[in-house]
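Every number here is computed from the coordinates shown, using simple stated rules; none is lab data. Please read these numbers as outputs of a predicted model, since none were measured by experiment. Please note: Cβ atoms are built from the backbone with ideal geometry, for glycine as well, and neighbour counts cover all protein chains shown.
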Amino acid sequence: MKRIHRSADDRVIAGVVGGLSRYFDWNVTLCRVIFIILALTPLPGILAYLILWMVMGDPE
């Protein structure tokens, strides 16, 4: 069973986007662009990042 966790290799701040891209087998650059677009919205993007940071497991 595949578990979701933050990335130790593809990290800029906390490795959340890198971990999501590895879990879903997506391109990490594409995931970062999508996150930046979501973060430009008033609150949901940054709030979602913070929640994922707390919920996701530690990097492997």
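What the table below lists for this structure:
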quantity	calculated
Whole-Å semi-axes of the ellipsoid equivalent to the chain (Cα gyration tensor, √5λ, descending)	18, 13, 9
Within segment 1-52, trypsin sites (Lys or Arg not before Pro) in DSSP loop having at most 13 other beta-carbon neighbours inside 10 Å	K2, R3
Total charge dipole magnitude, the chain, about the Cα centre, Cβ charges on Lys, Arg, Asp, Glu only, Debye to nearest 20	80 debye
